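S.K.: Can you keep this structure in mind? I'll have questions shortly.
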């Protein structure tokens, strides 16, 4: 996956949200106008309005995987639906590759979705009377692609999601994980630039869910899509994301890299999410390394800056001297002392007095 620095270096965001609000209720517009942009969810609730998204502003860059997460009712799915314009925002601006989607008419919006957007939802929504190939080819045929070309493209997608040999199965003959792969393949068949996924794995049992996460990471490594992924599962977010936006009551409490969210939670609410996280399973070496001092005496061990701490902790702890940290090209970019790993593994990160949101 692309790093934030790499994606930001491209300059132009694929998605940009400026002060986006979504408020449900008959008097939502008048209430919002009278608030001067400062929305108190409780006051709006008393007036008969529900605040779905409250002043969301952020950018997503090419190839970036941004996960939007929060508990039920936090506004995460509403935000995703606003960005894809399945729901119209109450106020604000949303740009896709510089184009204001709130100013688009229905035909322009349909064309945008057909040509640039792929969507995967929690429900598989497969057509039960169509085979795997036919389900995957269906959106292409809707676009006017010939049957022969759409089936050929569908076969390529079957191979991509590792369903070869099941092309002619019907959905009822597939497991839940296999059905979800068909849904993913169908959304990728149109070659979208932007991929929206709303709780795509939450209906799967834990083992299949882990397999689908592995498959998803493999696909993203191959395709480098720009992705907005909604989940309520913090462990899933930590495993998959380039950046994470944590929402509560429609507000983005913190938008940052997984490492910064774990190490530097911006609010008490975010801290509750992170306090029980096994940091050694999440943090990469680069998140805790020290600056390189060429005058220091090092061991012969070198570790990659993007290695997860847990995978190299034993080797570092067994080294009597600090180790060099290198990048993909083998250049030394920092150093790591065993004491830092000991602190991560055994240090006290929190008083554990507050409960993690459940």
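S.K.: Looking at the range 247-264, which of the residues that are more than 18 Å from the chain's Cα centre (by Cα) and outside any helix (DSSP H, G or I) is modelled with the lowest pLDDT?
M.R.: My answer is 264.
S.K.: Let me ask something additional. Pull up the range 23-54, narrow it to residues that are within 17 Å of residue 87 (Cα to Cα) and in contact (Cβ under 8 Å) with a residue 60 or more places away in the chain, then point me to the one that is surrounded by the fewest Cβ atoms within 10 Å (Cβ to Cβ).
M.R.: If we take residues in the range 23-54 being within 17 Å of residue 87 (Cα to Cα) and in contact (Cβ under 8 Å) with a residue 60 or more places away in the chain, then 29 is surrounded by the fewest Cβ atoms within 10 Å (Cβ to Cβ).
S.K.: Name the residue that is modelled with the lowest pLDDT, counting only residues in the range 154-174 that are within 26 Å of the chain's Cα centre (by Cα) and within 18 Å of residue 127 (Cβ to Cβ).
M.R.: 161
S.K.: Let me ask something additional. When you go through 206, 200 one by one, which is the residue that is touching a strand residue (DSSP E or B) at 6+ places or on another chain (Cβ under 8 Å) and modelled with pLDDT under 90?
M.R.: None of the others qualify; the one that does is 200.
S.K.: With the requirement that a residue be surrounded by fewer than 17 Cβ atoms within 10 Å (Cβ to Cβ) and under 23 Å from residue 41 (Cβ atoms), what does the range 55-101 give you?
M.R.: The answer is 57, 71, 72, 73, 86, 88, 93.
S.K.: Okay, moving on. If you scan the range 86-114, which residues turn out to be farther than 16 Å from residue 24 by Cβ, without any contact (Cβ under 8 Å) to a residue 40 or more places away in the chain and out of contact with any strand residue (DSSP E or B) (no Cβ under 7 Å at 6 or more places or on another chain)?
M.R.: Selection gives 99, 103, 104, 105, 106, 107, 108, 109, 110, 111, 113.
S.K.: Looking at the range 38-61 only, could you name the residues that are farther than 10 Å from residue 24 by Cα, more than 25 Å from the chain's Cα centre (by Cα) and not in a helix (DSSP H, G or I)?
M.R.: Hits for the range 38-61 are 38, 39, 40, 47.
S.K.: Just one of (1) at pLDDT 90 or above; (2) in a helix (DSSP H, G or I) trips up residue 5, so point out which.
M.R.: (1) is the only condition that residue 5 fails.
S.K.: Taking the range 118-137 on its own, how many of its residues are closer than 19 Å to residue 174 by Cβ, buried (at least 17 other Cβ atoms within 10 Å of the Cβ) and in contact with a helix residue (DSSP H, G or I) (Cβ under 7 Å, 6 or more places away or on another chain)?
M.R.: Qualifying residue count for the region: 8.
S.K.: Considering only the range 135-165, state which residues are free of Cβ contacts under 8 Å to residues at least 12 places away in the same chain and assigned to a helix (DSSP H, G or I).
M.R.: Within the range 135-165, 141, 147, 148, 149, 152, 156, 159 qualify.
S.K.: Give the range 317-349 a look and list any residue that's closer than 16 Å to residue 279 by Cα and in a helix (DSSP H, G or I), or say none.
M.R.: Correct list: 338, 339, 340, 341, 342, 343, 344, 345, 346.
The values are calculated or read from the model by the stated rules, or taken from the named source; none is laboratory data. In this text the structure is predicted, and so the values were computed from the model without any measurement. A quick note on method: Cβ atoms are made from the backbone with ideal geometry, for glycine too, and the neighbour counts reach across all protein chains shown.
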